[in-house]
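Trainee: Before I ask anything, let me first share the structure, which is written out below as structure tokens.
The values are calculated or read from the model by the stated rules, or taken from the named source; none is laboratory data. Note that the coordinates shown come from a computational prediction; the quantities given were computed from them, not determined experimentally. Cβ placement follows ideal geometry from the backbone for every residue including glycine, while neighbour counts extend to all protein chains displayed. The protein model used for the area step is the full one, side chains on, heavy atoms only, and it has no ligands, DNA or RNA in it. Shrake-Rupley method; radii C 1.70, N 1.55, O 1.52, S 1.80 Å.
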Amino acid sequence: MPVKIFLNEDEIPRQWYNIAADMPNPMQPPLHPGTMQPVGPQDLAPVFPMNLIEQEVSQERWIDIPDEVLDKYLIWRPSPLYRAVHLEKFLGCPVKIYYKNEGVSPAGSHKPNTAIPQAYYNKVFGIKRIATETGAGQWGSALAFACNQFGLEAKVYMVRVSYEQKPYRRLMMNTWGATCIPSPSTETEAGRKILSMDPNSPGSLGIAISEAVEDAVTSEAMGRPLTRYSLGSVLNHVLLHQTVIGLEAQKQLAKVGDYPDIVIGCAGGGSNFAGCAFPFVRDKIAGKKIDIIAVEPTSCPTMTKGRFAYDFGDTVQMTPLLPMHTLGHTFVPEPIHAGGLRYHGMAPLVSQLVMDGIIEARAVPQLETFNAGVTWARSEGFISAPETNHALAALIQEAHKAKEEGKEKTILVNWSGHGLVDLAAYDAFFQGKLSDYDLPQSAIDEALKAIEAFPKPKLG
Ligand SMILES: Cc1ncc(COP(=O)(O)O)c(C=O)c1O
């Protein structure tokens with residue numbers, strides 16, 4: 001029985017999979033906040049290059065991966081699929097566990113899977129500089145790496161609480177030549193507005209997105225090199241690029257003649273989860289029996305307690321209204337260490353599939369996630385990112401469930417990143433400084449008041 005299942009370089013997928021072609025209920029259109037009508041490609045042109053906008057709205061099932069992107073993917077892809085033999089032995093449950101190791105990329109997570117194509121498409125469209133936000137710093141470091149590969153400038157607005165907790169991610173960005181500043185900052189209108197209301201704001205992904213979008217759309221007026229904005233999750237084209245994970249996993253599982261009963265991923269904006277899961281969702285829509293589980297923190301329970309509604313993707317209301325699970329765009333989550341899961345919204349494609357009952361959403365508390373991460377490190381050896389630990393907590397839950405039910409199960413989990421730059425969070429956990437936090441319904445109801453007047457998506 002192999003512990004690592006590899007693909008040869010010439011077996012790397014040559015196309016991404018676009019789930020829009022197979023959705024039983026199509027995603028409802030993003031709305032222009034001024035007119036409340038569906039946004040057209042031209043509305044998005046100041047923010048994204050047109051070649052990425054075309055991918056965002058594409059209904060084609062398969063989209064070719066450009067050779068220039070494949071060349072860069074080969075730096076770390078195909079990523080290995082592991083059989084978690086040591087964890088299996090430790091748990092003693094009737095489960096076979098496979099995990100896709102996305103921690104082998106230069107930035108240490110799945111994020112370069114989309115950073116590389118995004119930088120590439122911006123470059124061929126003539127863009128010189130990219131502005132973005134980052135939570136934990138994983139996305140910012142991935143984009144810094146990708147921009148460096150394609151000779152673009154990168155400016156990263158990093159959520160302040162993570163900027164302070166995670167200096168090493170900033171240094172990674174600097175090493176790849178990017179500029180990284182804490183958000184809210186005094187460099188944008190959006191940042192100054194937030195700081196005038198709360199000078200000690202810990203920041204949020206929603207605020208950092210507002211700053212980065214403003215940076216991009218004002219670049220020409222401000223005399224900066226031609227800039228577009230880039231998002232590390234949530235949007236359709238981001239999820240599309242990440243499907244290289246699940247497509248590789250399917251080929252790797254086929255090599256050992258296996259197929260999962262359960263697919264698990266953690267979900268912040270939904271991209272690593274979707275990237276691993278969507279090729280399997282395709283099979284499920286076609287009739288396969290398979291459980292697909294997206295895991296989020298109880299402190300930021302977007303899918304499990306939020307509302308499926310039209311809402312802004314950012315705090316200062318610069319983005320279109322997206323049909324998604326949301327805790328309200330004004331929501332500022334508790335500073336849990338899994339910075340990448342502290343987003344008020346969820347990818348519209350994932351949200352629609354949750355509404356359709358194809359994907360199960362589950363929330364897990366912080367301490368359980370760190371316990372799972374330590375169990376993993378003490379069996380499989382690798383130290384996981386705090387975000388990834390959410391998937392591992394659900395994996396362990398499923399293994400125990402299989403034992404209780406006396407059923408044999410094959411589980412695939414997306415190991416979205418390593419935690420070697422997150423050891424301060426492990427230190428806090430070992431010192432007993434972390435706690436669980438269940439976001440109370442009253443806080444959610446309060447934050448959702450901000451979207452009461454917006455149009456409502458169809459719920460069916
Ligand atoms: C290692 C890791 N996993 C998961 C996530 C969550 O993001 P997404 O839901 O887009 O995959 C992040 C975000 O920064 C991350 O760094």
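Trainee: So how much accessible area does Lys123 have, in Å² to the nearest 10, using a 1.4 Å probe?
Mentor: 100 Å²
Trainee: In the full protein assembly as shown, how much of Glu360 is accessible to a 1.4 Å probe, in Å² to the nearest 10?
Mentor: 80 Å²
Trainee: Could I ask something else about it? Given the pairs Lys72/Lys155; Lys251/Lys288; Lys284/Lys401; Lys72/Lys111; Lys4/Lys255; Lys100/Lys409, which span a C-alpha to C-alpha distance of over 19 angstrom in this model?
Mentor: From Lys72/Lys155; Lys251/Lys288; Lys284/Lys401; Lys72/Lys111; Lys4/Lys255; Lys100/Lys409, over 19 Å: Lys72/Lys155; Lys284/Lys401.
Trainee: Turning to a different aspect of this structure: Once phi is turned into ³J(HN,Hα) by the Karplus curve 6.51 cos²θ - 1.76 cosθ + 1.60 with θ = phi - 60°, what whole-Hz value does each residue of the range 320-332 show in order, with x for glycine and proline?
Mentor: x, 7, 10, x, 7, 6, 8, 9, x, 5, 8, 5, 10
Trainee: Rounded if a/c is under 1.5, else prolate if a/b is larger than b/c, else oblate: which is the chain, with a ≥ b ≥ c the root eigenvalues of its Cα gyration tensor? Write down the numbers at each step before the final one.
Mentor: Working: a/c = 1.37, a/b = 1.28, b/c = 1.07.
Rounded, because the longest to shortest axis ratio a/c is under 1.5.
Trainee: Rolling a 1.4 Å sphere over the protein heavy atoms, what is the accessible area per residue of the chain, to the nearest Å²?
Mentor: Averaged over the residues of the chain, the accessible area is 36 Å².
Trainee: Quick one: order Glu368, Glu214, Glu9 from most to least accessible surface, probe 1.4 Å. Walk me through the numbers on the way to the answer.
Mentor: Values: Glu368 70, Glu214 25, Glu9 110 Å².
Highest to lowest solvent-accessible surface, that is Glu9, Glu368, Glu214.
Trainee: Excluding same-chain residues fewer than 8 positions from Lys193, which aspartates and glutamates have a Cα within less than 19 Å of its Cα?
Mentor: Leaving aside aspartates and glutamates fewer than 8 places away in the same chain, those within reach of Lys193 are Glu133, Glu211, Glu214, Asp215, Asp314.
Trainee: Using the Cβ atoms and a cut-off under 13 Å, what net charge is assigned to the surroundings of Gly357, where Lys and Arg are +1 and Asp and Glu are -1?
Mentor: Once positives and negatives cancel, what remains is -2.
Trainee: Something else now. Using the Cα centre of the range 12-122 as origin and beta-carbon charges of +1 (Lys, Arg) and -1 (Asp, Glu), tell me which of Gly40, Ser79, Ile65 is placed farthest towards the positive end of the dipole.
Mentor: Ser79
Trainee: Explain nothing, just compute: Karplus ³J(HN,Hα) = 6.51 cos²θ - 1.76 cosθ + 1.60, θ = phi - 60°, for every residue of the range 198-209 in order, whole Hz, x for Gly and Pro.
Mentor: Per-residue couplings from phi come out as 8, x, 9, 3, x, x, 7, 4, x, 5, 5, 5 Hz.
Trainee: A follow-up question, please. Suppose every Lys and Arg Cβ carries +1 and every Asp and Glu Cβ carries -1, with no other charges. What dipole size does the chain come out with about its Cα centre, to the nearest 20 debye?
Mentor: Once rounded to the nearest 20, the dipole reads 520 debye.
Trainee: Here's another thing I want to ask about it. Can you give the FRET efficiency to the nearest 0.05 for Arg224 and Glu408, using r as the Cβ-Cβ distance and R₀ = 51 Å?
Mentor: E(calc), rounded to 0.05, equals 0.30.
Trainee: At 1.4 Å probe size, what's the solvent-accessible area of Lys403? Round to the nearest 10 Å².
Mentor: 110 Å²
Trainee: Same structure again: What are the radius of gyration and Dmax of the range 332-456, computed over its Cα atoms and given in Å?
Mentor: Just the Cα atoms of the range 332-456 yield Rg and Dmax of 16.7, 50 Å.
Trainee: Return the Rg/Rh ratio of the range 112-225 with Cα-based radii and a Kirkwood Rh.
Mentor: 0.97
Trainee: Could I ask something else about it? In percent, what relative contact order does the range 332-436 have, based on Cα pairs under 8 Å that are 6 or more apart in sequence?
Mentor: 27 percent
Trainee: Next question, about the same structure. How large, in percent, is the carbon and sulfur part of the accessible surface of the range 230-328 at a probe radius of 1.4 Å?
Mentor: Here carbon and sulfur together make up 50 percent of the probe-accessible area.
Trainee: Also: Just the C-alpha atoms of the range 60-116: what Rg/Rh do they give, with Rh taken as the Kirkwood radius?
Mentor: 1.14
Trainee: When the accessible area of the range 98-193 is computed with all protein chains present and a 1.4 Å probe, what percentage of it is carbon and sulfur? Could the numbers behind the result be given before it?
Mentor: Values: 1430 of 2860 Å².
Carbon with sulfur: 50 percent of the solvent-accessible area.
Trainee: Quick check: the distance between the Cα centres of the range 148-223 and the range 34-78, to the nearest angstrom?
Mentor: 23 Å
Trainee: Something else about it: In the chain, what % of DSSP beta bridges are antiparallel (nearest 5)?
Mentor: 35 percent
Trainee: Starting from the Cα of Val217, step 7 Å along the direction of its Cβ; do the same at Ala286; then give the gap between the two resulting points in nm.
Mentor: 4.1 nm
Trainee: Could I ask something else about it? Taking a 1.4 Å probe, which of Asp198, Asp258 shows the most accessible area, and what order do the others take after it?
Mentor: Highest to lowest solvent-accessible surface, that is Asp198, Asp258.
Trainee: 222 nm [θ] for the chain, helices only, -39500 (n - 2.57) per DSSP H run of 4+, per residue, to 500?
Mentor: So the calculated ellipticity at 222 nm is -11500 deg cm²/dmol.
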